[in-house]
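Shown next, in structure tokens, is the structure this report addresses.
The values are calculated or read from the model by the stated rules, or taken from the named source; none is laboratory data. Quick caveat: nothing in here was measured; it's all calculated off a predicted structure. For neighbour counting, all protein chains shown are included, and Cβ atoms are generated from backbone atoms with ideal geometry for every residue, glycine included. For the accessible areas, the whole protein counts, side chains as well, though only heavy atoms, and no ligand, DNA or RNA atoms are used. Shrake-Rupley method; radii C 1.70, N 1.55, O 1.52, S 1.80 Å.
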Amino acid sequence: MHYNGVLFLTLICFIAGLVQAMPVSKRGGGGGSLWGITYTAKDSDGSCHSSQQVQQTIQRFKKNGIKNVRTYSTECNQLPNILKALESAGDMKMLVGLWMDGSSKDDEEISTAVSALSKANKNLINGVMVGNEAIQGGLMQAGELASKIKEVKGKLSGFQVGTVETPTSFDSQLIDASDMLVVNIHPFFASVSADKGVSNLQQQLSSFKGKAGDKQVVVGETGWPSEGDNNGAAQPSTQNLETYVKDITQTDIQYYYFEAQDSDWKSGGDFNVEQHWGLMDAQGKSKISQFQ
């Protein structure tokens, strides 16, 4: 009995070791894969992805267990390209983004999106977001953006339409105008350490839901930079990125991880981290074991 017990214990330890060694994104059960990811359909230098590159990227997401993709605009012909790639991939959906900045280009964004979505398979769409931090960035006034949301709702039927803001910039007019609320929450900017990042995310999300009423709330961006300057206890590093990914994949939060690939075309931003949020570096190489 003692001998059999040792064999059994050895087997259990071996299996446990295999589970720990598996990339998190490949595990089943109550966690593992990232719920969603943000994707700009651009290379790190800002050049547009071709239809073939979009197809390859979507397949890479699927291989890693990611079933939801969020975009920010209609540029680079990405909407029809991504929809086509999702059809091929199967069991994946997207949150469509329309870039709003208060300029005359807003009407073009709306027209392009409405044209593409009117012919799209609605089962591929999680929602349509009119603007990303347009209020937070000082690009528009709340009433102006609320009117754009209502305009899109009037031109599209059968879709959840809303906008994306930070918890503090989600004006009541935007909440009233939106079918669903998508909120960007980055614990890095709350000056907490990476190992406390997901707890901070949950706290901020819970607080925001208090003013969201009965409307669906999804996290539109959350992540951790791999390079840049420290923000108090929040330190950019690949190890901390990996810690944050590991922790968030064990939650039941619906979120879009920010972001797929480093964006060298962006400016440094606060703490010089803007270019370094990607799961992949500028060459498309994965930074962490949980994403391949």
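Summary table below
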{"item": "Residue match in region 93-105 (condition: over 30 Å from L145 (Cβ atoms), surrounded by fewer than 19 Cβ atoms within 10 Å (Cβ to Cβ), at pLDDT 95 or above and acidic (D, E))", "result": "no"}
{"item": "Single residue of V161, V183, V152 found to be closer than 15 Å to V217 by Cα and in contact with a Leu (Cβ under 8 Å, 6 or more places away or on another chain)", "result": "V183"}
{"item": "Selection within region 142-165 - open to solvent by 20 Å² or more (accessible area, probe 1.4 Å), in contact (Cβ under 8 Å) with a residue 12 or more places away in the chain and assigned to a loop (DSSP other than H, G, I, E, B)", "result": "G158, F159, Q160"}
{"item": "Pairs where the first residue, in region 264-281, is in contact (Cβ under 8 Å) with a residue 24 or more places away in the chain and part of a loop (DSSP other than H, G, I, E, B) and the second is exposed (fewer than 14 other Cβ atoms within 10 Å of the Cβ) and among the charged types (D, E, K, R), C-beta under 7 Å, 6+ apart", "result": "D264/D45; W265/D45"}
{"item": "Residues (open to solvent by less than 50 Å² (accessible area, probe 1.4 Å), under 14 Å from S73 (Cβ atoms) and hydrophobic (A, V, I, L, M, F, W, C)) located in region 118-141", "result": "V128, M129, V130, A134"}
{"item": "All positions within region 270-291 that are among the acidic types (D, E) and in contact with an Asp or Glu (Cβ under 6 Å, 6 or more places away or on another chain)", "result": "D281"}
{"item": "Looking only at region 277-292, and only at residues there that are open to solvent by less than 30 Å² (accessible area, probe 1.4 Å) and not aliphatic (A, V, I, L, M), the one that is farthest from L205 (Cα to Cα)", "result": "G284"}
{"item": "Where a residue in region 43-67 is surrounded by fewer than 16 Cβ atoms within 10 Å (Cβ to Cβ) and its partner, wherever it lies, is aliphatic (A, V, I, L, M) and at pLDDT below 95, with Cβ under 8 Å and at least six apart", "result": "D45/A282"}
{"item": "Given (1) surrounded by 15 or more Cβ atoms within 10 Å (Cβ to Cβ); (2) at pLDDT 95 or above; (3) assigned to a loop (DSSP other than H, G, I, E, B), index of the condition K246 fails", "result": "(3)"}
{"item": "Tally, over region 170-216, of residues that are part of a strand (DSSP E or B) and surrounded by fewer than 17 Cβ atoms within 10 Å (Cβ to Cβ)", "result": "1"}
{"item": "Residue that is nearest to the chain's Cα centre (by Cα), among those in region 77-92 that are open to solvent by 30 Å² or more (accessible area, probe 1.4 Å) and not small (G, A, S)", "result": "D91"}
{"item": "Residues within region 217-243 that are assigned to a loop (DSSP other than H, G, I, E, B), surrounded by 23 or more Cβ atoms within 10 Å (Cβ to Cβ) and more than 13 Å from the chain's Cα centre (by Cα), tallied", "result": "1"}
{"item": "Any chance T222 is of a type in the set (S, T, Y), touching a His at 6+ places or on another chain (Cβ under 9 Å) and closer than 23 Å to V69 by Cα", "result": "yes"}
